[in-house]
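Nothing in this text is a laboratory measurement; each read-out follows from the coordinates by a stated rule. All values reported here derive from a predicted model rather than from experimental measurement. As a convention, Cβ positions derive from the backbone with ideal geometry for all residues, glycine included, and neighbour counts pool all protein chains shown.
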Amino acid sequence: MFRMLVSLVLLAVGFVLLVRGADTFVDGAVDVARRFKIPPIIIGTTLVAIGTSAPEAAISITAAIAGSDGVSIGNIIGSNITNIFLILGMTAVIGALPIRKNTKFYELPFVGIITLMLCLLGLWFGEISRGAAAVFLALFVGFIVYTVIIAKKSNEPTEDYKKIPMIETIIMIVAGIAALVIGSNLIVDSATDIAARIGVSERVIGLTLVALGTSLPELVVCIAAAIKREYDMAVGNIVGSNIFNILFVLGATAAISPLPFERAFVMDGLVALLAVAMLMIFVARRSRLSRVGGVLFLIVYGVYVLYLVL
C-alpha cells in the first residue's frame, strides 16, 4: 500500500513538472521567435502547438527507450481520444464551439487519414517501424509548411512586446527541457509500477491515466479560451495537437526505436477515428460543436473508459 501511495505521489509530481516544463519551454521559445520578428500567428500555429504536445513527446520517447511500448503508443492514441471526446466535450458544454473553414475541410479530414494510416501500418507490419516514422515526419514537415502559408495569408502584423533578458530566456528553455525530462521519467516509472500493482496492462494505463495527464496543457488552453469566448482557438488547438501527436510525437519516437503494435490498439485506433468522424458530422451543417454535441462526447468518453477498465 505504501509503495502504491509513493507511486501515485511521484506520478502527480511528474505531471506538475511536465506541465510547468512545457509552459516554461514555450515561453522561452516564443521570446526567441519574437526577437527574430516572427508574426504571432505563426508562433501560435507552430511553437505553441509543439509546446502543448511536448508532454506527449517526452512521455512517449522516454517510454520507448525504457521498453514500455504500451505506454508510448497508448499515450498518443489515448491523448487524441481524450482531446476530442473529453476536452472538446467539456469546452462545448461551456459554450458552442465554432470551427474555421480550413479546419473543417482540410485539417479534420487530415487527422482522420493519418489516424487510419497509424492503424493500418501497425496492423499490417505489427509495429511502427523507422520507415513509417520517416513518412510521418515528412508529413509533419508538410503540415508545418501548410500552417505557415495559411498564417501568412492572414497578414497579421508583428506585435510589440516587452523583451526578456537573453540570459533569462536561455534559463527558461533549459529549465523547461529539464523539467520535461525529469517529469516524463517519473511518470513512466510510476505508471508502469501502478499498472503492475493493480493488474492492468501498460496499454490501459497509457490510454487513460497517462493520456489524461499529458492532455492537461490542451485542457487548460481550451477551458481558458472558452471562458474568454475565444472559441475558435479551442478547436484549432485540439485539431493541431492531434496532428502533432501522430506525425511529430509518434514519428520522432518510432525513429528512435520501432514500436511494437499490439492488436488491441486497433480498437483504440477505431475509437480515435470515431472521435474524428463524430466531430466532422456535428460541425458539418452549422460549422460548430453545440452543447448537445459536447454532452454526447462526454458520454462516449465515459463509456470508452469504462470499457477499458472492465
- Item | Two-site FRET efficiency, Leu120 against Tyr307, from Cβ-Cβ distance with R₀ of 30 Å, rounded to 0.05 | 0.85
- Item | Cα-based convex hull volume of the stretch 58-106 per residue, rounded to whole Å³ | 97 Å³
- Query: Hey, if you put +1 on the Cβ of every Lys and Arg and -1 on every Asp and Glu Cβ in the chain, which of Ala66, Ala211, Leu116 ends up farthest toward the positive end of that dipole?
  - Reply: Leu116
- Note on the structure: Summing -39500 (n - 2.57) over every DSSP H run of at least 4 in the chain, dividing by its residue total and rounding to the nearest 500, the 222 nm mean residue ellipticity is -24500 deg cm²/dmol
- Taking K and R as +1 and D and E as -1, what net charge do the other residues with C-beta under 14 Å from the C-beta of Thr253 add up to? -2
- Item | Simple label model, 7 Å out from Cα along Cβ direction - Ile256 to Val148, nm | 2.5 nm
- If every Lys and Arg gets +1 and every Asp and Glu gets -1 at its Cβ, then about the Cα centre the chain yields a dipole, in debye to the nearest 20, of 860 debye
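Only loop residues by DSSP count here, and only those with at most 10 other Cβ atoms within 10 Å; note down the trypsin sites (Lys or Arg not before Pro) in the stretch 249-298 that meet that. Walk me through the intermediate numbers first.
Numbers: sites: Arg263, Arg285, Arg286, Arg288, Arg291; in loops: Arg263, Arg285, Arg286.
Taking the stretch 249-298 and a limit of 10 other Cβ atoms within 10 Å, the loop trypsin sites (Lys or Arg not before Pro) found are Arg263, Arg285.
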- Taking the chain as a Gaussian network, where each spring joins two C-alpha atoms under 10 Å apart, which residue of Ile281, Ile128, Ile205 fluctuates the most? Ile281
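Express the relative contact order of the stretch 2-309 as a whole percentage, based on alpha carbon pairs under 8 Å and six or more residues apart in sequence.
On the way: 477 pairs, mean separation 135.3, N = 308.
After rounding, I find 44 percent.
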